[in-house]
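Below you'll find the structure, written out as structure tokens, and then a few comments.
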Amino acid sequence: MFKRLSLTIATLAAATAPAFAHLNPAEHGSFMAGVSHPLFGWDHILVMVAVGLWAAMIGGRALWVVPTAFVAMMGVGFAMAVAGFPLPFVEPVILASVVAVGVLIAAAVRLPVPAAAAVVGAFALFHGSAHGGELGSAGALSFGLGFVLATAGLHLVGIGLGVGLSRVGSPLLVRGLGAASAVAGLYLIAA
């Protein structure tokens, strides 16, 4: 299972092109620029809501562990990029994350919580690196706080959708949202 998932993620990462959904680096540096950054890129919105959906699908401790892992590792990736250690293939991996997390939801994959946290954490490093790499010399702390809060908010939207739909007995609708996210990710790759 993990070998197949790793191969799929690596293939998607190698086959993708940049989404160019990010703000102009000259506009970065403020708290509000950080808040708005994840809200103006479909790649960010889709994966961050999907992380919340997947956490809700897994249930239990995953409701807070999986999104927290994403936010924490995104912070690590951000700090690495600001410190001059950006990751390679950032945009392709971000796009692969949209497709991969969507597929995990669509296939109703319920990994153990630590494994799910590791999957989203690995992708989050690249999301953080994108944020930090685009920041340049602007105010890292205020920008970082803004995008962390916006990311957490998008995770909460996904959790709310997942929990709400599962309470009304619509697990197929949750899976359909995952499939839609994966298809949207494929569209972003092709665009």
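The values are calculated or read from the model by the stated rules, or taken from the named source; none is laboratory data. Treat the numbers as computed from the prediction; the structure is a model and nothing was measured. Don't worry about glycine lacking a Cβ; one is built from the backbone with ideal geometry, like all the others, and counts go over all protein chains shown.
Only residues that are among the charged types (D, E, K, R) and more than 10 Å from Ala117 (Cβ to Cβ) were counted in the stretch 51-98, giving 1.
The one condition from (1) at pLDDT 95 or above; (2) in a helix (DSSP H, G or I); (3) over 13 Å from the mean Cα position of the chain (by Cα) that Val120 does not meet is (3). Whether any residue in the stretch 170-187 is more than 12 Å from the chain's Cα centre (by Cα) and either of a type in the set (D, E, K, R) or not in a helix (DSSP H, G or I) (or both) is what I want to check. Checked the stretch 170-187: at least one residue is more than 12 Å from the chain's Cα centre (by Cα) and either of a type in the set (D, E, K, R) or not in a helix (DSSP H, G or I) (or both). Between Gly34, Gly52, the distinction of being out of contact with any Lys or Arg (no Cβ under 9 Å at 6 or more places or on another chain) and modelled with pLDDT of 95 or more belongs to Gly52 only. Is it true that some residue in the stretch 65-75 is at pLDDT 95 or above, under 26 Å from Ile189 (Cα atoms) and either in a loop (DSSP other than H, G, I, E, B) or among the aromatic types (Phe, Trp, Tyr) (or both)? Yes, that holds for at least one residue. Among the residues in the stretch 166-180, are any under 17 Å from Pro67 (Cα atoms), at pLDDT 90 or above and surrounded by fewer than 20 Cβ atoms within 10 Å (Cβ to Cβ)? No, every residue in the stretch 166-180 fails to be under 17 Å from Pro67 (Cα atoms), at pLDDT 90 or above and surrounded by fewer than 20 Cβ atoms within 10 Å (Cβ to Cβ). Residues that are assigned to a helix (DSSP H, G or I), among the hydrophobic types (A, V, I, L, M, F, W, C), within 30 Å of Gly59 (Cβ to Cβ) and out of contact with any strand residue (DSSP E or B) (no Cβ under 6 Å at 6 or more places or on another chain) do not occur anywhere in the stretch 135-144. Here Ser30, Ser36 are screened, and the one residue that is touching a helix residue (DSSP H, G or I) at 6+ places or on another chain (Cβ under 7 Å), surrounded by fewer than 24 Cβ atoms within 10 Å (Cβ to Cβ) and among the small types (Gly, Ala, Ser) is Ser30.
Residues checked against (1) under 14 Å from Trp54 (Cβ atoms); (2) of a type in the set (D, E, K, R); (3) surrounded by fewer than 18 Cβ atoms within 10 Å (Cβ to Cβ); (4) without any contact (Cβ under 8 Å) to a residue 24 or more places away in the chain:
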residue	(1), (2), (3), (4)
Ala124	yes, no, no, no
Leu145	no, no, yes, no
Val148	no, no, no, no
Val157	yes, no, yes, no
Ala182	yes, no, no, no
Leu188	no, no, no, no
